[in-house]
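The values are calculated or read from the model by the stated rules, or taken from the named source; none is laboratory data. These figures come from a predicted structure and were not determined experimentally. Cβ: placed from backbone, ideal geometry, glycine included. Neighbour counts: every protein chain shown. These accessible areas exclude ligands, DNA and RNA; they are computed on the full protein's heavy atoms, side chains included. Shrake-Rupley method; radii C 1.70, N 1.55, O 1.52, S 1.80 Å.
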Amino acid sequence: MLEMELYSDVIKLISDIRHSKLHNSYDIAIHTEKLIEKLISEGKWNSAEDLMTLIKLRITRFANALPQEATSVNIMRHILKIIRDEYDSGFKNKGEGQQSAHHLGSTTMDDCEDYSKVLPSLKSSLLDNLAEYKVELESSADNIAAQALEHIHANEIILTVGKSSTVEKFLKYAAKSRKFQVVVVEAAPRFLGHLMASNLAKNNIETTVIPDSAVFAMMSRVNKVIIGTHTVLANGGLRAESGVHMVALAAKHYSIPIMVLAHMYKLSPMHLCSSEQDAFNICASPADVLPYSSGPLLDKVHVYNPVFDYVPPELVTLFISHQGGNAPSYVYRLLSELYHPDDQEL
Amino acid sequence: MDDKGKKGKKVGADGLTKKERRALKVETEKSTEINKSSTIEKLSHPKKHVIPPPVSDNNKRVDPEQRTPAKSSSNVDTVKAVISQNTNRKDAEKSEKISAASELSKAELKAQRRAVQEAQRQAKASQKVVTNDNQTPKNNIRSNAAEPPKRISPKKDLEKSPTKHRVQLFHHLYIEDFQVQSLKKYTINKDIHPAFLQLGAQYLSRSILGSNARCLAMLSALKTLIDDFQTPPKQEFCRSLESTLKTSMNHLKTCRPFAVSMTNALRRFKFFLTQIDTNLTDGAKQSSLQKRIDKYIEEEIVIAGQAISNEVNKKISDNDIILIYGYSSLILQILIDAEKAGKKFRVIVLDGRPLLEGREMLRRLVCANIECSYLLINAVSFVMGRVTKVLLGAHALLANGYVMSRTGTAQVALVANSFKKPVLVCCETYKFCERVQTDSFVYNEIADPDKVVTVDVSEKSSYLLNWRNNNYLTPLNLMYDVTPSDFVTAVVTEIAVLPCTSVPVILRMRPVE
Amino acid sequence: MSQKLDKSVAQKEVVQAVVIAEHFGNEFMPITDDTPLTLLPLLNVPLLEYTLEFLSLGGIEETFLFCCSNVVMIKQHINSSIEKSAGWSLTMKVHVIVSETCRSFGDCIRDLDAKALIRGDFVLLEPGIVGNIKLLPIIKKHNETCNTDKGAAMTLILQEAGLGQRGRCSFEEVLMVATPNNRVLLHQKLGTSKKAKIELPLEILMDNASVNIYHNLKDTHISICSPNVLSLFSDNFDFQTKDDFVRGLLINEEILGSTIYWHLIKGNQYGAAVTNWRMYQSVSRDILHRWLYPLVPDMGISSQQRSYIHLQNNVYRSKDVHLTQSNSLIEDVIIGGGSSVGDKTRISRSIIGESVKIGDNVIIEDSFVFSNTVIGDNSVIQHSIIGQKCVLETGCIVTKASVIGKGVVLPENSIIENYLIRSHSSKTGVASNKLAKNAYHIKPEESVESDAEDDGLHRKLSRLYMPDEAEPSDDESVKSSESEDNLSYTISPVPDDTNLFLTEVVDSLTRGFEDKLQCDNLILEINSSRYAYNVSVKEVNFNVIKAILMLPFQLYLGQPYLPSLRPLLDYFSPILKNYIRNISAMVDCLQAIEDVAANNNELNECVSAVLNWLYNKDHLSEDVILNWFSGIDKNTRFYARVEPFTNWLQQAEEASSSEED
């Protein structure tokens, strides 16, 4: 009961994600944002510090339950940064007029670190900021798609892996004015590539579906690889769907540029230390790989079905976000703009 | 050019070939006479001839056998000429005609298409008859230039239907639409030995997979053929055998293109045929051939396999984790021998859709009591960190050292290379081939696209079940891919363990045929 | 009550599930002495959590948990889970229904019917279910089936499981015959039957255009039921288990008017029930190998918190486990929090609970060690289950499917093989040997009936699987089928006609004796029957004698055989005289005696007396008797019984022959 009182909203969110009521990262992002909005407007907090503590609790709880879902945690981290910024700017503005004698002597650094002062206008300014952020989130996919024409020329062959709604929008936007072909890798065992291919074909884009094993064979004729990802790591690497690493290696072999379309909330301050890192990857049910009809074989073999893959940053050419394109080596800078260094350890 | 109509002896006054006229006649008998005549009038307006639609009288006079091949070949020529004419002329008239042509009734289009198809078919069947009618082509070109508009539209339609659902890059590899090529339309030719008919059906339905298996199957069918062969009267054994063989092989080729192992084995067999002592009786020749085939199998496949197995087993140590891909009979033998020798190792089997041959490999390994893990190829990066060596089988080794193997092998080799794991390709020397290839496009094999679409494991059916309805969607099912030699650490053959680039040396060493 | 009804009409139908949380059996002794089956730890999480989380993920909104014993424990557990905001508690309400008087599954359902809590279609679960099935589409399909077939009572949910797969409990092997639209025609559980053949009633094939026969299925013990299932249970008091229900419904399809359908779960959906130790073992292994995704140990089942770190080779390690350099967790291992493992210990394919202290040099393989246990140095534990709070001193060897209950203290160097150990002497009077202060060995119950073999088989099949022993079911079934064949060979299958003839003769004779009819008339009757059934002379002789010998059983039940036979023999003497005329008839007679004696102990005892009587009445001659006697199997009791008579006969013969001389 204690726990429920403390953060019932986050628990509800975790439960929804586990029950598959929220599928893609966009939905999760919007829900998280709403959750924090509600917390800010209706929650019991007085100072920025209280609010930040509440959010940090939620981050810990969420990361404990669903360590692979970085979207929610990233958004909450970003909101923490917004709070810090608002607090700082609020005090700087007010500080002109209302600075007490006590504060005159102290440096601005102390003011920044101590968030416990009560700032009456904090709530409203936060809510304004969050409204802006919400608009940014909602239009993020469209903004990325609008850059399509800068990257796709006529008569290109573009390769993509599995299904990403961002990539779909991107390609559909480009298809309105350019003619090109798309090769979709089917991404077994979830076969989301099939859905992507049928969606693209409905928009009159020439699509070819190939199984995962044919990637190297097709790669020499491909002009570009455009993929989405699940998370972008702090070093510019990716945590993407299983199978993307081998696509990236094949592209590197033929010197084909790889463009990763990533929203800002996918950028995570996490680093990968080893391939066996705790909770980096998760193995799903082996029944997708070796079905139950295989009989006695099932008892005698180990079957693995990893969901994610790590792609090192040297294989990625370009990250495209709603603000524009960036090299992987620039990701660290983006991270420092998105999150405060103190929040990166959570 | 304009008075082609007048010259029409072979070609009717309306400028149509006999075939087309006949077809048109069928249409007119059913309906829309008036429409047709009016449109035909419109089209041949510049010729100033009124064309009576059914000109069957002319047809009867003309000898069909001689005419049609010439006309059909001329059709092709005329079409080509027409197309070149089209590109030259920029008349609005021309474009009008084209648009008028495209407004032709569907029935006419069908008829014309049918006619052209029939003509083409007959042309292929009796090419020799073409030479008889040298004069006709010229006339036909001139006379048939009147129908460029009509011809273009059926040609367009023709082009659309076969190129629908074809990946342009692999256009040269498509045989026919797979629905047509299915077993339902398997024609039985009475000239071919039933063993080969059966073999053809097995190849077509892909129940025999794998280069060793296909080669052995072919050789055993060949032995049956030799056994049952009776020299026709007044013919020589070897020659007649060779010609029978040729028809059988052509039949097999229509079912499925030959594997490199099969080509090499066949070449060697033909060499045996030339080498055979002509003084022997037919029976003795037969048994001699059979013995030589057996010896070939024994040497090139069985003993070679054992030698390769011995060689590779020296490299397998305890606590190894060996990665393999798909199904290879040679690799299976190697692993079973290693298990029998008492080594303790673990095998990771990777598998690729849509063939999923790895499951069969897995079953056999488990029966041999080898500890196995099983994954799909998308998990190759997940598992490659733990692997100690990679063993791959091959369909063929090309002269530039590239390895041709099942789709997906190149990828496994690539990832293994990036993780710095040794890759050993095991291949018997009889699969070495003089061909040179640098990519997987120029020479490959396209299999049934429906196999990509059917998903057996999940509960909901694939989203692509109706892919034929959508012209923009094409599933592609490639059989082979080519692994560059820099990914391969070494090739193990029965002669030696070689670097990939030494393949031409072996080729030179083999007996010249 | 009316308010409730209004509510349920106003809001949309809430999907309900019923879990019968009571396990009426003793397969899990002695662990189930103190813990109910629902709270049995499966990979260190109580079974109930799996069931509830499965229902909540499947889309159920209201669950009724039916308990008969240990109610307080269960309620406490549920409340604490709700406090910890377990995953299922957010989307599902759980009501505990208590009934102290129920003794079987059927009783529980009848009780439920009486309480009238179920409104529409509901999901029925037997105890100990784990799964990850999406139930809502199946419920919808069941609804549609009910709309087309008004009598559809239940949809069974089954999973594909090939032969030889360990998850397919050989005890519960299912043979199913169904129509193409999934209506069940025959549902047979083959496990306990020893026959190698299966009989399919012909009507199944005659009445339906096409049927599918399945032998590759595994029962998940989950079913979707229509509300009339409850009333069907109430109406038929002999339905004790769900299998009874299914069988009853299929046999009496016309009478009850209800049909059963089935559904095959596809893809990566999994469902299984822990009904005995073998299933417990295979379900543990499946969960460890992640077949039950998304219910995997490292993500916490309902706690929604990471409990373990998932490492290579399916090793799950909790965060605060103490391991040393030299020990190894080889493969398929779970170690709970707070545990510590000593030096040079090797653990493989085992489940270790929380706060377990394992000493040095220990080998644990294919075993389950529950929480708070201490395992001493140099122990070996293989294929066994060690309960909570046990203490195993140094050098213990526990192997071969032993089960050790809660709180047992095993002294040093004890060797336990295939035993059930409890910490105290039992109260129910089951025999137990005291091994040590806190260790009592429970003797398995001996059953008096002739299917002791069956029971043993049952136990063998339900205990833990050990790879070394050959599958007992296969061997035994082969042996038993052989023996059955042998038996049937000696008793050559009597053609129907002769059997009928025999019964007719018996009837005639019985009537004759009771009504004191004349023997001539009886002879006439027998002869006419003989022609009616077209029986040969040999058979007639044989059967008449047989009938006479069997008469006492008909007429004088319960009384000693010989005294009751005598008057019969006297009375039917003319018949005997009529039929035993020549040597072959005599041989038939003797054979009849042998035959009847083989089957009836009573005749066996007094066979000499009977033979004596027959001999005295000159129905049988010495030569024939002696000839026949030499042909009897010397090892039977029958032989022993006849021997004194024949010896006397021989002596008498010699005496008479010597006299004659």
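Brief remarks on what is shown
- Overall, the accessible surface of the stretch A:145-338 at a probe of 1.4 angstrom is composed of carbon and sulfur to the extent of 51 percent.
- The apolar share of the surface of the stretch B:181-300, taken as the fraction of accessible area on carbon and sulfur atoms (1.4 Å probe, ligands and nucleic acids excluded), comes to 52 percent.
- Where Cα atoms sit under 28 Å apart: lysine pairs in the stretch A:145-338 separated by 8 or more or lying on different chains: 26
- Peptide B:350-362, shielding by other chains (average Cβ, 10 Å cutoff): 3
- At a threshold of 50 Å², the residues of the stretch C:288-302 that become less accessible to a 1.4 Å probe in the full protein assembly than in their chain on its own are C:Arg290, C:Trp291, C:Tyr293, C:Met299.
- Using a 1.4 Å probe over protein heavy atoms, the accessible area lost on pairing C with A, summed over both chains, comes to approximately 3400 Å².
- Accessible area per residue for the stretch C:228-350 is 35 Å², calculated with a 1.4 Å probe on protein heavy atoms, without ligands, DNA or RNA.
- Extending 7 Å from Cα along the Cβ direction at C:Glu100 and again at C:Ile255 yields two label points whose distance is 3.6 nm.
- For a modelled paramagnetic label at B:Asn400, 7 Å from Cα along Cα-to-Cβ, the residues of the stretch B:483-507 in reach, with backbone nitrogen under 20 Å, are B:483-491, B:499-507.
- At R0 = 60 Å, FRET efficiency that the Cβ-Cβ distance of C:Val374 and B:Arg508 yields, to 0.05: 0.25
- Rough spin-label spacing in nm, given labels placed 7 Å along Cα→Cβ, for B:Lys451 and B:Asn466: 2.7 nm
- Summed buried accessible surface, chains B and C, 1.4 Å probe, nearest 100 Å²: 400 Å²
- Label point distance in nm, C:Lys195-B:Gln235, each placed 7 Å from Cα along Cα→Cβ: 6.3 nm
- FRET efficiency estimate (nearest 0.05) - Cβ-Cβ, A:Lys176 to B:Ser205, R0 41 angstrom: 0.40
- Phi angles of the stretch A:47-60 translate, via the Karplus equation with coefficients 6.51, -1.76, 1.60 and θ = phi - 60°, into HN-Hα couplings of 10, 4, 4, 4, 4, 5, 5, 4, 5, 4, 4, 5, 4, 4 Hz per residue; Gly and Pro are given as x.
- Amide H partners (placed H, <5 Å) of B:Ala490, local residues excluded: B:Val423, B:Val425
- Residues of the stretch B:438-482 whose accessible area, computed with a 1.4 Å probe over protein heavy atoms, drops by at least 50 Å² once all protein chains are present relative to their chain alone are B:Phe441, B:Val457, B:Glu459, B:Tyr463, B:Leu464, B:Tyr472, B:Leu473, B:Leu476.
- The stretch C:497-653: C-alpha pair distances exceeding 26 Å, %: 22 percent
- Each other residue within a Cβ distance under 15 Å of A:Ala148 adds +1 if Lys or Arg and -1 if Asp or Glu, for a net charge of +2.
- When accessible surface is computed with a 1.4 Å probe, chains A and B are found to bury approximately 4500 Å² between them, both chains counted.
- Theoretical ellipticity at 222 nm over chain A - DSSP helices of four or more residues, -39500 (n - 2.57) apiece, nearest 500: -15500 deg cm²/dmol
- Nearest-ten-degree value, helix A:25-42 long axis tilted from longest Cα axis of chain A: 10 degrees
- For the stretch C:268-332, the fraction of C-alpha pairs farther apart than 15 angstrom is 60 percent.
- Packing, as the average of other Cβ atoms within 10 Å across residues, places the peptides A:225-235, B:352-362 in the order A:225-235, B:352-362, highest first.
- Between 0 and 90°, nearest 10: helix A:192-202 axis offset from chain A longest Cα axis: 80 degrees
- Residue mean of other protein chain beta carbons inside 10 Å, C:47-53: 0
- Heavy-atom accessible area per residue - the stretch B:382-513, 1.4 Å, Å²: 36 Å²
- Applying the Karplus relation 6.51 cos²θ - 1.76 cosθ + 1.60 with θ = phi - 60° to the stretch C:85-94 yields 3J(HN,Hα) values of 6, 5, x, 6, 6, 7, 10, 9, 9, 10 Hz, where x marks Gly and Pro.
- FRET efficiency for the A:Asp16 to A:Ser329 pair, using the beta carbon distance and R₀ = 35 Å, is estimated at 0.45.
- Sorting B:Leu173, B:Leu323 by accessible area puts them as B:Leu173, B:Leu323; the probe is 1.4 Å, largest comes first, and only protein heavy atoms count.
- Residues in the stretch A:224-285 average 25 Å² of solvent-accessible surface per residue, probe 1.4 Å, ligands and nucleic acids excluded.
- Averaged over the residues of peptide A:236-249, the number of Cβ atoms from other protein chains lying within 10 Å of each residue's Cβ is 4.
- Shown for the stretch C:497-653: the carbon plus sulfur share of the solvent-accessible area, taken with all protein chains present and a 1.4 angstrom probe, equals 48%.
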